[in-house]
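Working notes, structure below.
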Amino acid sequence: MPTTTKPSTEEAPSPPEAEAVVDAAPVAPDADAAPVGDTASPADAEPRADAEPEQAPATGGDQSGPSASALLTMAAAITGGFLALLDTTIVNVSIEDTTARFGGINQVQWVVTAYLIALAAVMPATGWLATRFGVKRVFAAATAVFALGSAGCAFSQTLTELVAARGLSGAAAGVLTPVSTILLTRGVPREHLGRVQALNGSVMLISPLLGPTIGGLLVEAGGWSAVYLINIPLCAALFAVTLRWVKKDAPAERIAKPLDVVGLLSSATCTVCTVLAIHEFADQGVRASVALLAPLGLAVLSGAVFVVRELRARFPLLDLRLFRNRVYATAVVNVFCLGFVLYSPMMLIPLYFQSARGETAVTTGLLMSTGGLGVVTAAWLSRVLLKKLGGGATVVIGITLTMLATVPLTTLSGDTSYLLLCASLVVRGLGTGLTIVPTMTRAFQSIRQESIPDASSQLNLTQRIGGALAIAVVTVVLEQAAQERHGLVPGAFAHSFGWLLGVYALTLLPALALLAADRREARQSGPAAV
């Protein structure tokens with residue numbers, strides 16, 4: 001067992017802490033059992049942030065069960081994350097009506113792009129905002145700004161106004177998504193993180209599936225502006241519940257450290273340029289152009305500046321030293337790769353139903369929502385498998401199921417059975433649920449409670465960038481297949497899914513690495529962890 005050095009008072013956690021996280025609190029594959037490190041590790045002679053009795057877990061730390069306040073806090077956190085994620089897909093259904101209102105599909109695409117760019121630019125600052133102003137205040141403020149942005153979108157008279165309002169909504173969502181995770185996991189003991197993440201992961205997976213259905217119904221009932229108007233009453237209710245029921249942050253949870261301006265600017269530049277490069281790749285493919293190479297080069301340069309700055313800064317914007325923890329670093333790589341697993345079919349499957357089979361947006365959404373059955377099942381099954389097999393093994397099983405569910409999609413035709421397609425979507429929902437949930441759970445289990453704000457921003461941003469890259473790659477593959485087959489015919493989609501099946505196989509590599517990290521950690525924990 002390595003010796004834990006004295007923590008630095010300037011940074012949280014300090015470099016030695018980050019290296020000793022696993023040794024200070026090792027986690028056995030049994031995710032619902034008390035960590036062995038809590039009783040066996042000398043480092044735990046010091047008080048642990050995630051074991052303090054005064055921070056009652058949202059899942060109910062006492063024998064009487066969770067209080068009404070705890071339940072409402074959980075509901076508020078889940079609703080906040082749900083709204084931010086839902087807005088990424090619900091708006092896509094309204095693009096056609098928006099184009100009819102404002103004209104020019106190329107210009108209207110900025111409604112989606114502006115949201116994603118603003119989200120990626122602001123998200124790295126969430127950890128600092130949460131520790132500086134408190135989780136409750138930041139969550140409430142992000143909810144209010146999200147409602148304001150949605151109102152601006154609904155009442156826009158020009159495309160410029162709509163894009164600007166979408167940027168405001170995206171900035172709010174960039175804070176709302178990770179701060180929802182922080183609020184949900186705040187004070188939750190490590191042995192309960194699997195339950196919390198199963199619930200959070202289910203919402204994360206179901207919201208993109210419900211988006212097309214809800215969006216189609218809203219557009220049909222009230223036009224393009226209805227997809228934005230629906231957010232206003234929901235945000236108002238969420239804001240009221242937050243102010244009334246979410247507990248204030250303890251003084252120890254708020255740290256008045258200065259904002260790392262250099263880190264914020266360099267991270268924003270890197271993420272924005274990365275998103276722009278991804279979108280240009282989706283439009284132009286692999287053809288080199290200034291529009292692609294310029295943002296890509298700037299992203300690499302600003303990314304290097306960000307990494308150097310964060311490793312040297314006294315008060316870094318994001319604690320990159322968390323990556324010294326092997327389990328956490330491996331989980332982050334998995335989160336990025338799983339962006340392909342989660343987001344790549346979100347464009348292909350609806351397009352197949354609408355373009356190749358002639359279904360309406362509402363019918364397409366209803367067909368897509370069948371995958372929610374698998375997601376709900378995964379919420380329960382992931383806890384069982386985490387307890388018996390560990391995170392890495394569960395992710396391997398999830399990817400394997402996802403690959404099996406993708407096989408029928410590689411033979412799509414104009415008369416493929418809808419029963420077969422829905423069964424495939426259910427199995428696929430089960431598989432993706434068994435990848436995202438255990439990966440996020442293991443990431444949070446591997447770090448200290450006070451590092452969750454940093455980790456939440458890093459994990460959410462990594463997943464979004466991975467998802468954006470997945471959609472861009474799928475777009476290029478589908479366009480090339482459509483050109484070869486003279487249109488968006490079933491064969492073009494079958495070819496694209498065949499290509500994706502190979503990509504899914506590659507995601508097994510980081511999953512196996514997480515499995516190896518789990519096994520290594522269990523061995524270091526000693527016989528008691530078995």
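The values are calculated or read from the model by the stated rules, or taken from the named source; none is laboratory data. This is a predicted model, so every value here is computed, not measured. Virtual Cβ from ideal backbone geometry, glycine too; neighbours counted across all protein chains shown.
Among the residues making up the range 228-259, those that are modelled with pLDDT of 90 or more and either of a type in the set (V, I, T) or not assigned by TED's automatic domain parsing to the domain that holds A121 (or both) are I230, I232, V241, T242. When T439, T462 are checked against the criterion of being crowded, with 24+ Cβ neighbours inside 10 Å and assigned to a helix (DSSP H, G or I), a single residue qualifies: T439. Test A165 against the criterion of being buried (at least 22 other Cβ atoms within 10 Å of the Cβ) and among the small types (G, A, S), and give yes or no. So A165 fits the description; yes. Scan the range 287-309 and tell me whether some residue there is surrounded by 17 or more Cβ atoms within 10 Å (Cβ to Cβ), touching a Pro at 6+ places or on another chain (Cβ under 9 Å) and assigned to a helix (DSSP H, G or I). Yes, the range 287-309 contains at least one residue that is surrounded by 17 or more Cβ atoms within 10 Å (Cβ to Cβ), touching a Pro at 6+ places or on another chain (Cβ under 9 Å) and assigned to a helix (DSSP H, G or I).
Among the residues in the range 344-365, are any β-branched (V, I, T), in the same structural domain as A505 (by TED's automatic domain parsing) and in a loop (DSSP other than H, G, I, E, B)? The answer is yes, given that some residue of the range 344-365 is β-branched (V, I, T), in the same structural domain as A505 (by TED's automatic domain parsing) and in a loop (DSSP other than H, G, I, E, B). Exactly one residue out of I447, I471 is assigned by TED's automatic domain parsing to the domain that holds L515, among the hydrophobic types (A, V, I, L, M, F, W, C) and within 24 Å of A77 (Cβ to Cβ): that is I447. In the set (1) outside any helix (DSSP H, G or I); (2) in contact with a Lys or Arg (Cβ under 6 Å, 6 or more places away or on another chain), P316 fails one condition alone, (2).
Residue check: L409 meets all listed conditions (1) hydrophobic (A, V, I, L, M, F, W, C); (2) surrounded by 24 or more Cβ atoms within 10 Å (Cβ to Cβ); (3) within 19 Å of V333 (Cα to Cα) but one, namely (3). Every test in (1) within 23 Å of L515 (Cα to Cα); (2) in contact with a Phe, Trp or Tyr (Cβ under 9 Å, 6 or more places away or on another chain) is passed by L367 save one, and that test is (1). Can you find even one residue in the range 335-357 that is within 30 Å of L193 (Cβ to Cβ) and β-branched (V, I, T)? Scanning the range 335-357, I find at least one residue that is within 30 Å of L193 (Cβ to Cβ) and β-branched (V, I, T), so the answer is yes. Of the residues making up the range 368-387, those that are surrounded by fewer than 21 Cβ atoms within 10 Å (Cβ to Cβ) and more than 20 Å from A443 (Cβ to Cβ) are S369, T370, G372, L373, V376, T377, W380. If you go through the range 215-271, how many residues are in contact with a Pro (Cβ under 8 Å, 6 or more places away or on another chain) and without any contact (Cβ under 8 Å) to a residue 24 or more places away in the chain? Selection size over the range 215-271: 0.
I need the full set of residues from the range 398-432 which are in a helix (DSSP H, G or I), aliphatic (A, V, I, L, M) and in contact (Cβ under 8 Å) with a residue 24 or more places away in the chain, in order please. I399, L401, M403, L404, A405, V407, L409, L421, L425, V426, V427, L430 - these are the residues of the range 398-432 that are in a helix (DSSP H, G or I), aliphatic (A, V, I, L, M) and in contact (Cβ under 8 Å) with a residue 24 or more places away in the chain.
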